[in-house]
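Before any comments, here is the structure.
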Amino acid sequence: MVSKMNLRKIGIALVVASLAGIISACNVGEASTKDENGSAVSAPLPVEIVMPVKAEIFATYHTTTTLVSDADAPVPARVEGEVVQILVEEGDEVIAGQVLARLDGDRLRLKMEQVKATLNKTEREYERSISLHERGLVSKASFEGMKFDMHALRASYELKKLNYGYTSIRAPISGVVSVREIKLGQHLNEGDTTFRVTDTNKLVAHLKIPQSELAKFSAGHTAVIRVDAMPNEVFAAEIARISPTIDVRNGTFRATAYVNNDSGHLAPGMFGRFDIAYEKHSDALVIPANAILEEDDQMVVYVVTDGAAVRRRIETGIQENGLIEVLSGLGEFEQIVVTGQSNLRDGSKVLASIPVLLPTAG
């Protein structure tokens with residue numbers, strides 16, 4: 001059994017141990033050394049610092065959409081006939097008016113030549129009747145009837161000639177052959193789709209802008225695009241117009257942006273991530289966003305001065321790509337802590353690394 005005296009000693013020991021634990025907990029995260037008099041002092045805390053820079057920074061809006069072609073045209077057969085020649089394949093670049101394929105046009109050619117022969121005969125008879133009509137040898141009714149027949153035959157010939165020309169299937173626009181729908185020997189009816197030609201030089205993105213964000217945008221704003229197929233490349237775009245009406249299905253406005261694809265790397269159907277710059281500050285003071293602490297609803301950084309960390313309240317503005325604009329509370333040539341600031345208090349002694357400049361924003 002434990003005596004009362006021993007219980008009292010154990011109780012005192014537990015109290016002392018508890019107090020020691022509390023004191024030790026209060027000193028967690030702070031190293032200590034002794035000065036020349038043997039007194040304990042806090043050792044400087046190692047931190048990393050940077051210096052702010054003046055740079056161009058943009059306020060951006062992020063959204064996603066699918067790229068489409070601004071010009072995408074199916075090529076229908078204008079007349080029926082058998083495919084006798086195919087001159088292009090998918091992926092070939094073509095220009096407007098270029099022949100893509102030919103149909104068997106013998107029947108249409110013969111009909112055209114038949115009408116042409118009749119027209120030639122009528123034109124000669126009309127030329128002879130002019131002098132006869134002037135001398136009164138041909139009645140006015142006969143003369144006018146012959147003139148009407150000649151015009152009707154000329155129109156019929158032009159129509160036959162046009163139909164015969166349609167046996168050469170031509171590209172309606174310049175671009176790339178994206179689809180070939182026909183095969184050699186296939187019989188086509190009028191209206192059947194033969195090819196699809198897509199202009200990929202200028203792509204279009206239809207962006208959905210919430211009503212609350214509409215005031216930030218206008219035609220002429222630029223954007224940067226990234227696609228999953230090429231994550232390390234960026235492409236430029238510009239907002240061309242914004243619809244004045246709301247899409248009742250989702251409550252958004254539609255902005256149309258044109259994407260420059262002169263390089264040919266993009267393709268219709270790609271999923272794009274858009275960063276739209278709607279506001280620019282040309283000479284902003286910027287620091288890394290991760291240097292900032294939020295304390296009591298305030299934005300705070302620690303500035304190194306004479307080997308000590310000084311707590312500084314700041315006001316911030318635009319944030320972009322890990323950088324943030326400082327509107328007030330910080331000077332251009334001050335050194336701010338970017339690593340280790342969460343362990344600091346106002347006045348903490350620090351051992352700072354050599355300050356480095358930030359990369360340019362924008």
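The values are calculated or read from the model by the stated rules, or taken from the named source; none is laboratory data. Computed from a predicted model, the values in this text were never measured in an experiment. A quick note on method: Cβ atoms are made from the backbone with ideal geometry, for glycine too, and the neighbour counts reach across all protein chains shown.
Considering I239, I209, I173, I225, the condition of being among the hydrophobic types (A, V, I, L, M, F, W, C), surrounded by 15 or more Cβ atoms within 10 Å (Cβ to Cβ) and in a loop (DSSP other than H, G, I, E, B) is satisfied by I173 alone. Filtering the stretch 41-78 to residues that are outside any strand (DSSP E or B) and modelled with pLDDT of 95 or more leaves A77, R78. Inspect all residues belonging to the stretch 282-290 and state whether any of them is surrounded by 19 or more Cβ atoms within 10 Å (Cβ to Cβ), touching an Asp or Glu at 6+ places or on another chain (Cβ under 7 Å) and not small (G, A, S). Yes, that holds for at least one residue. Just one of (1) among the hydrophobic types (A, V, I, L, M, F, W, C); (2) exposed (fewer than 14 other Cβ atoms within 10 Å of the Cβ); (3) assigned to a strand (DSSP E or B) fails for A215. It is (3). For the stretch 254-276, a residue qualifies if it is in a strand (DSSP E or B), modelled with pLDDT of 90 or more and surrounded by 14 or more Cβ atoms within 10 Å (Cβ to Cβ), and the qualifying residues are R254, A255, T256, A257, Y258, V259, G272, R273, F274.
No other residue among A171, A229 is modelled with pLDDT of 95 or more and either more than 24 Å from P244 (Cα to Cα) or in contact with a helix residue (DSSP H, G or I) (Cβ under 9 Å, 6 or more places away or on another chain) (or both) apart from A171. One residue stands out among those in the stretch 176-196 that are more than 30 Å from N261 (Cα to Cα) and not in a loop (DSSP other than H, G, I, E, B): the one that is farthest from the chain's Cα centre (by Cα), which is H187.
Here E56 passes the criteria (1) touching a Gly at 6+ places or on another chain (Cβ under 9 Å); (2) over 30 Å from H281 (Cβ atoms); (3) of a type in the set (D, E) except the one numbered (2). Of all the listed residues (T316, T245), the sole one being surrounded by fewer than 16 Cβ atoms within 10 Å (Cβ to Cβ) and more than 30 Å from S178 (Cβ to Cβ) is T245.
On inspection, D192 passes the criterion of being within 30 Å of G269 (Cβ to Cβ), among the acidic types (D, E) and in contact with a strand residue (DSSP E or B) (Cβ under 7 Å, 6 or more places away or on another chain). Residues in the stretch 291-328 that are in contact (Cβ under 8 Å) with a residue 24 or more places away in the chain and outside any strand (DSSP E or B): A291, I292, G307, N321, G322. Candidates in the stretch 97-120 are the residues that are modelled with pLDDT of 95 or more and in a loop (DSSP other than H, G, I, E, B); of these, the one that is surrounded by the fewest Cβ atoms within 10 Å (Cβ to Cβ) is G97. Residue count for the stretch 115-166 satisfying the condition of being of a type in the set (S, T, Y) and closer than 30 Å to G97 by Cβ: 4.
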